[in-house]
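> Quick one: structure below, then a few questions.
The values are calculated or read from the model by the stated rules, or taken from the named source; none is laboratory data. This one's a predicted model, so the numbers in the text were calculated from it and none came from an experiment. In this analysis, Cβ positions are derived from the backbone assuming ideal geometry, glycine residues included, and neighbour counts consider all displayed protein chains.
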Amino acid sequence: MDQNIDDISYEETIRLLLAYGPEAPIFNKDDVRNYGNNYTKMQYYWQNIRCLLSQGEFRYMVFYIAVSITGSFVAEMVYCFHLLDVV
């Protein structure tokens, strides 16, 4: 894996990303993360977002914060959704 990342096709960079992860030496030359192209970088961030959104606790916290903000600025009746936390 002594190749330059900019010379590799996007299919190969995605395969390397999925096989070795973002900490692979080919992506981290001179302590700067470089995926070689924007498509591979977008794929990396999309996988991170999918992982984050698939966790139920994170979705619960986002819902809880959204209800709190809505209750503060729109109507206090929205706070009734916090009772779903008890049930």
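> What helices (runs of 4 or more DSSP H), lying completely within the chain, carry at least 2 residues that are surrounded by 12 or more Cβ atoms within 10 Å (Cβ to Cβ), free of Cβ contacts under 8 Å to residues at least 24 places away in the same chain and touching a helix residue (DSSP H, G or I) at 6+ places or on another chain (Cβ under 8 Å)?
On the way: elements: 10-20, 38-53, 56-73.
Here the list reads 10-20, 56-73.
> To continue, here is another question. For the structure I just gave you, tell me whether ILE69 is in the same structural domain as GLU12 (by TED's automatic domain parsing) and aliphatic (A, V, I, L, M). It would help to see each step written out before you state the result.
Working: in the same structural domain as GLU12 (by TED's automatic domain parsing): no; aliphatic (A, V, I, L, M): yes.
No: the conditions fail for ILE69.
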